[in-house]
Each structure stands twice: as structure tokens, then as C-alpha cells.
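First up is the structure itself, then whatever we jot down about it.
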Amino acid sequence: MTDDWYTRLLATGLLDMLAPYQPAIVGAYPLDVAPPGARIEIVCRAADLAAFARVLRTTYAERDEEFAVYGGSLDAEEAVFAEFALDGLPLEVSAQREHVHRRLGAATLGLSRALEQSGPVTKARLAAAIADGTDWLDAGTRQFDLSRTALESLATANSALVARVMGVPRPGPKLREYTTAILVAVVADLLIVSAGAARGSQEYTGLMFMLEAAVLGLVFGARLAVVATLAPLVAFGLLVFSSAAVGTEGWDTAQAADYLFVAVLVASAAGVVGLLRDRYFPRAA
């Protein structure tokens with residue numbers, strides 16, 4: 001089958017005729033793993049299966065001598081199937097009363113996204129399994145060791161989440177990204193402390209640090225934000241602790257505990273907001 005199967009399918013007008021039945025192309029062809037001679041699978045939803053079969057028979061039976069309609073089941077739901085060819089394209093059009101077509105469409109899209117993250121070797125193995133006669137959905141769940149529900153869920157997941165589910169390693173931020181984030185955090189910390197000094201009170205400094213951490217998490221994501229917010233605090237803490245150790249500056253246990261508490265709150269704010277940012281607006285790889 002040539003790569004222009006979809007263009008040829010559109011030219012037949014079949015999808016337009018099936019539009020009232022919410023057609024979805026599923027299986028090996030959208031995944032680009034169809035073996036030679038395989039039929040293009042189109043699943044639909046029809047409240048009246050007998051009427052659906054009559055429409056197909058009336059429209060296409062005379063155009064293909066091998067046109068056939070038969071009953072069966074699809075995802076354990078009663079279904080009707082029609083097999084015929086248009087413009088040299090072998091087709092299998094099916095319908096059932098429930099929304100099985102949506103689930104199969106989601107599973108196809110989820111499997112496609114998993115293949116995008118896995119590379120050509122995995123795709124070749126899946127194609128070989130389908131060529132050996134294994135159903136495309138069964139082959140996909142076995143290939144990736146994922147449940148049917150998990151595959152369907154991948155249809156609406158962002159690419160970063162798909163990569164994590166598939167266990168695909170993704171490169172972390174580059175060194176210059178860390179440098180930029182840390183410099184922004186240092187400048188922000190200095191401005192916050194300077195504002196408190198000018199005001200004559202550091203009462204709201206901790207709160208401002210947390211607000212800064214949340215903004216950094218929103219801008220840079222969890223990993224960069226946590227490192228950026230903690231780096232200046234750790235550096236300052238080490239400086240103060242070293243001074244206290246040699247006796248040049250006083251530093252009691254209560255002050256140390258307060259400092260560590262602020263650091264934990266700041267890191268938490270950066271991490272939580274950063275994780276939300278990574279979840280819904282993932283960093284480009």
C-alpha cells in the first residue's frame with residue numbers, strides 16, 4: 001500500500017458518507033505499520049446496525065463484487081462489519097451502538113504517541129507482530145507493557161508525560177540555563193533584602209522569598225527553580241555558619257532552625273509551582 005492511502009481514501013468520499021456515524025480511522029494504517037494487503041479499519045457508531053448495513057450495501061455493493069456484510073462483536077459490543085474495496089483500497093467499515101469507536105480512536109492516538117517516543121526499532125517490532133497476524137491493539141499493549149486504559153490516556157497527555165510513561169530519558173537543562181536562573185534568583189534576593197533594609201524591617205522577607213520562588217517555578221520549571229532559589233540561600237548560610245564557627249559572628253540554634261525552615265518553604269514553593277508548570281507547559285527538549 002502506498003503512502004498516499006489517506007489522500008486516496010478522502011477522494012473516494014467514503015468518510016463524507018459516513019460522517020453521520022462519527023467515523024474514526026483506527027489500527028495499523030494511522031500508525032504506519034500496516035502489512036501489505038491489510039484493510040483500512042474505520043469504526044463508526046450507529047444506533048440501528050441493520051440500517052447502517054443497508055446503507056453500505058446500497059451504496060457500495062455494486063462497486064465491488066467481493067462486497068460482504070456480516071455480524072460480530074467489537075470490544076464485546078454487538079457490531080456489524082462491511083468489507084469491500086474502493087479505488088484499490090481494501091476497507092473494513094464497522095459500527096456498534098456504543099462509543100467503542102471513540103475508545104479505539106484514543107487507543108490508536110495513544111499508541112502513535114508512544115511510538116513517536118520509542119523510535120524506529122520499536123515501530124519495526126510492532127509492524128512485525130501485526131504482520132504475523134496479531135491484532136494491532138493486542139500487539140501494542142504487549143509491546144509497551146501498557147494496559148488498554150493507559151494507551152487511551154496517552155492520547156491526551158503532553159509529550160513530556162508520554163516520555164516519562166515510556167521511560168524515555170530526556171536531557172536536562174543545560175549549564176547556561178542553570179546559570180541564568182541562579183543569576184535571576186541572586187538579583188531578586190538582593191533586591192528583596194535591600195527593600196527590607198530600606199524599610200527598616202525584614203518582617204516580610206521570608207514571604208517575599210516564597211513569592212519569588214513561586215515566580216521562578218512558573219518561569220523555569222521545578223528543577224531549575226529549586227536549584228536557583230536554594231543556591232543563594234545555601235551560599236549565604238555557609239558563609240554565616242563558617243563565621244559562627246570561627247567566632248566572628250554569633251549564630252544560635254534558633255536562628256539556624258528559622259533559616260532552614262525558610263529554605264524548606266522556599267524550595268517547596270518553587271517545586272510545587274514548577275511541577276505544575278512542567279505538567280501543563282513542559283519545557284521543550
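Inclusion of residue 127 among residues that are in contact with a helix residue (DSSP H, G or I) (Cβ under 9 Å, 6 or more places away or on another chain), within 19 Å of residue 39 (Cα to Cα) and outside any helix (DSSP H, G or I) is not warranted. Pairing residues of the stretch 137-149 that are among the hydrophobic types (A, V, I, L, M, F, W, C) with residues that are modelled with pLDDT of 90 or more and not in a helix (DSSP H, G or I), at Cβ distances under 9 Å and at least 6 apart in sequence or on separate chains, gives 137/26; 137/27; 139/33; 139/132.
Quick one: is residue 93 surrounded by 20 or more Cβ atoms within 10 Å (Cβ to Cβ), out of contact with any Asp or Glu (no Cβ under 7 Å at 6 or more places or on another chain) and closer than 15 Å to residue 46 by Cβ?
yes
If you check 144, 84 for being over 25 Å from residue 276 (Cβ atoms), crowded, with 22+ Cβ neighbours inside 10 Å, of a type outside the set (Ser, Thr, Tyr) and in contact with a Phe, Trp or Tyr (Cβ under 7 Å, 6 or more places away or on another chain), only one passes: 84.
Can you name the helices (runs of 4 or more DSSP H) wholly within the stretch 11-100 that have at least 1 residues being within 23 Å of residue 132 (Cα to Cα), without any contact (Cβ under 8 Å) to a residue 40 or more places away in the chain and not hydrophobic (A, V, I, L, M, F, W, C)? Talk me through it step by step, then tell me what you get.
Details: elements: 14-18, 28-31, 49-60.
Filter on the stretch 11-100 gives 28-31.
Taken over the stretch 175-226, the residue count meeting the criterion of being at positive phi and modelled with pLDDT under 85 is 1.
The values are calculated or read from the model by the stated rules, or taken from the named source; none is laboratory data. Values in this document were obtained by computation on a predicted structure and should not be read as measured data. Cβ sites come from the backbone with ideal geometry, for glycine too, and all protein chains shown count toward neighbours.
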